[in-house]
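Dropping the structure in here first, questions after.
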Amino acid sequence: MSIDVPSGMDADTGEYPGYGQETPLDSCILANMTVTFHRPKAGHLAGHGPAACGKLIVKDIGL
């Protein structure tokens with residue numbers, strides 16, 4: 001489980017810095033579920049985001 005975004009994933013692009021060069025995707029955090037707040041970030045929906053986040057839950061924080 002990840003809170004906000006999986007560790008190491010770029011919240012804007014959904015990419016992992018270094019992936020494919022020195023870091024294989026299976027060594028990156030791949031969550032079964034990610035809980036974020038207010039609204040999804042672009043990175044949740046782009047690049048590796050959907051695979052890295054697993055089930056995405058967006059919680060309202062009253063903004």
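Among all residue pairs at least 6 apart or on different chains, which show Cβ distances below 6 Å where the first residue, located in region 36-47, is on the phi > 0 side of the Ramachandran plot and the second is β-branched (Val, Ile, Thr)?
Within 6 Å, the pairs are His38/Ile61; Gly47/Thr13.
With the requirement that a residue be exposed (fewer than 12 other Cβ atoms within 10 Å of the Cβ) and under 11 Å from Asp4 (Cβ atoms), what does region 37-63 give you?
Within region 37-63, His38, Lys59 meet the criteria.
Those residues that are exposed (fewer than 15 other Cβ atoms within 10 Å of the Cβ), modelled with pLDDT of 80 or more and not in a loop (DSSP other than H, G, I, E, B), I need them from region 4-36; list them, please.
Scanning region 4-36 gives a single hit, Met33.
The values are calculated or read from the model by the stated rules, or taken from the named source; none is laboratory data. Because the structure is predicted, anything quoted here is derived from the model rather than measured. Note: ideal-geometry Cβ built from the backbone for every residue, glycine included; neighbour counts use all protein chains shown.
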